[in-house]
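Comments concern the structure below.
The values are calculated or read from the model by the stated rules, or taken from the named source; none is laboratory data. Owing to the predicted nature of the structure, the values given are computational and were not obtained by experimental measurement. Methodologically, a virtual Cβ is constructed for each residue, glycine included, from the backbone with ideal geometry; neighbour enumeration extends over all protein chains shown. Side chains are part of the model used for accessible areas, which takes the heavy atoms of the whole protein and leaves out ligands, DNA and RNA. Shrake-Rupley method; radii C 1.70, N 1.55, O 1.52, S 1.80 Å.
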Amino acid sequence: MPLYELIQEAYDRLRKRVRRTELIYSHHYAERLGVPLFFKCENLQRTGSFKIRGALNFMTAQTREALKNGVITASAGNHAQGVAFSADLLGVKATIYMPEITPPQKVQATRDYGADIVLVGKNFDEACEAAQEAQRSTGALFVHPFDDELVMAGQGTIALEILEELPDVQNLLIPVGGGGLIAGMAAAVRECAPHVRIIGVESTAAQSMSASFAAGTPCEVPVKVTLADGIAVKRPGQLTVPIIRTCVDEIVLVEEEEIAQSIVSLLERTKLLVEGAGAVPLAAVLHGKVRDLRGKTLCLLSGGNIDVKTIALVVERGLLAAGRYLKLRIELDDLPGALATLTADIAATRANISLINHERRSETIALGKTSVALELETRGREHRAEVIAHLRERGYALMAE
């Protein structure tokens with residue numbers, strides 16, 4: 001059956017089982033960018049991600065006989081929760097193989113749905129190999145995270161919802177990992193609205209799809225550590241790549257700092273919490289990765305499953321990248337009042353000291369000197385440069401920045 005027909009079937013199958021997530025217009029980003037910008041909020045979906053759509057569509061399309069030995073899969077977290085939720089709904093045993101580096105929040109959330117968890121491998125691909133080997137010995141049904149037509153069809157239902165609410169959308173930015181999400185959505189869009197420009201977004205730390213897009217065949221590319229762990233795939237799907245090559249206009253790359261800034265920006269400006277993979281479309285827009293962006297533009301916020309520890313790290317990294325956080329080490333004369341003078345000079349710049357450490361005893365500090373480590377809150381890159389310039393003008397030796 002053609003993929004578009006499967007997407008239509010999935011739409012009917014899922015409409016009462018998954019949340020029709022909000023499509024919102026962002027006044028802030030529209031004014032900032034000069035482009036009407038919208039968000040499709042799959043971060044607010046049940047289980048916190050779009051992945052429930054593909055998993056549930058796949059499993060509800062199976063016979064009871066096919067499910068009798070349970071299901072097994074591999075996932076960095078979101079697909080795991082989608083499969084676990086679906087298995088719990090259908091009364092089926094689920095075993096999930098997850099990389100050892102999976103955030104604890106995603107592991108626990110998957111367990112809470114009743115799935116058995118096996119932590120194995122350094123990344124998704126290693127976990128997937130282990131899951132497929134286990135599947136051969138247990139007879140459980142393997143639910144692929146992206147390289148399956150029923151899974152792609154489930155993800156494609158997002159596009160149908162978007163086109164119903166925003167039929168005149170002109171640009172659609174979608175996160176890209178293994179390709180199931182963008183393949184399903186692109187297939188639906190090309191059938192219903194062929195004029196729409198479809199742009200995939202990857203992290204520079206995981207470029208397998210852009211390499212495959214250029215080569216015309218699935219390519220294996222090493223994966224580095226990334227905030228966008230949900231799309232960190234070493235090799236995309238055999239089924240997804242041809243569809244993407246046919247239906248997607250381009251794939252662009254974003255840096256880790258840009259992802260961090262976008263997560264922080266979404267928190268501040270829209271009060272929406274997204275994970276790294278969910279932030280990459282906005283990162284591409286904010287940092288000019290898409291040329292000639294005109295007309296109504298929609299960014300798919302694909303997921304919101306980010307643990308508290310990662311949020312703290314991301315906020316700090318995002319503030320640093322945005323120039324709103326400054327670390328300095330300054331050498332002072334060991335004289336009474338020197339520290340007070342320094343803090344007064346910093347106050348004159350209207351920077352705020354969030355942390356200060358005054359060290360007088362160390363083998364690395366010259367006699368008659370002290371070392372002061374500072375963490376300052378600044379208002380942006382220009383203000384940060386002003387602070388540094390002012391302190392240098394005042395004669396301070398900035399030992400590290």
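Residue-wise test of (1) under 30 Å from Gln170 (Cα atoms); (2) open to solvent by less than 10 Å² (accessible area, probe 1.4 Å).
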residue	(1), (2)
Ala10	yes, yes
Glu22	yes, no
Phe39	yes, yes
Lys68	no, no
Ser75	no, yes
Phe85	no, no
Leu89	no, no
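Taking the numbered list (1) among the basic types (Lys, Arg); (2) open to solvent by 50 Å² or more (accessible area, probe 1.4 Å); (3) in contact with a Gly (Cβ under 9 Å, 6 or more places away or on another chain) in turn, Lys51 passes all entries but (2). Only a single item in (1) open to solvent by 10 Å² or more (accessible area, probe 1.4 Å); (2) within 28 Å of Val118 (Cβ to Cβ); (3) in contact with a Leu (Cβ under 9 Å, 6 or more places away or on another chain); (4) not in a loop (DSSP other than H, G, I, E, B) is not met by Arg32, and it is number (2). Given the structure, is Val233 out of contact with any helix residue (DSSP H, G or I) (no Cβ under 7 Å at 6 or more places or on another chain), part of a loop (DSSP other than H, G, I, E, B), at pLDDT below 95 and under 30 Å from Val107 (Cβ atoms)? For Val233, the condition - out of contact with any helix residue (DSSP H, G or I) (no Cβ under 7 Å at 6 or more places or on another chain), part of a loop (DSSP other than H, G, I, E, B), at pLDDT below 95 and under 30 Å from Val107 (Cβ atoms) - is not met. Looking at region 310-321, can you tell me whether even one residue there is buried (at least 23 other Cβ atoms within 10 Å of the Cβ) and either in contact (Cβ under 8 Å) with a residue 60 or more places away in the chain or not in a strand (DSSP E or B) (or both)? The answer is yes, given that some residue of region 310-321 is buried (at least 23 other Cβ atoms within 10 Å of the Cβ) and either in contact (Cβ under 8 Å) with a residue 60 or more places away in the chain or not in a strand (DSSP E or B) (or both). Considering the conditions (1) surrounded by fewer than 20 Cβ atoms within 10 Å (Cβ to Cβ); (2) over 15 Å from the mean Cα position of the chain (by Cα), Ser210 is excluded by exactly one of them, (1).
Among the residues making up region 161-182, those that are open to solvent by 20 Å² or more (accessible area, probe 1.4 Å) and either touching a residue at least 12 places away in the same chain (Cβ under 8 Å) or more than 20 Å from Thr21 (Cα to Cα) (or both) are Leu163, Glu165, Pro167, Asp168, Gln170. Scanning region 183-197 for residues that are surrounded by fewer than 21 Cβ atoms within 10 Å (Cβ to Cβ) and either in contact with a Phe, Trp or Tyr (Cβ under 8 Å, 6 or more places away or on another chain) or touching a residue at least 24 places away in the same chain (Cβ under 8 Å) (or both) gives Arg190, Glu191, Cys192, Ala193, His195, Arg197.
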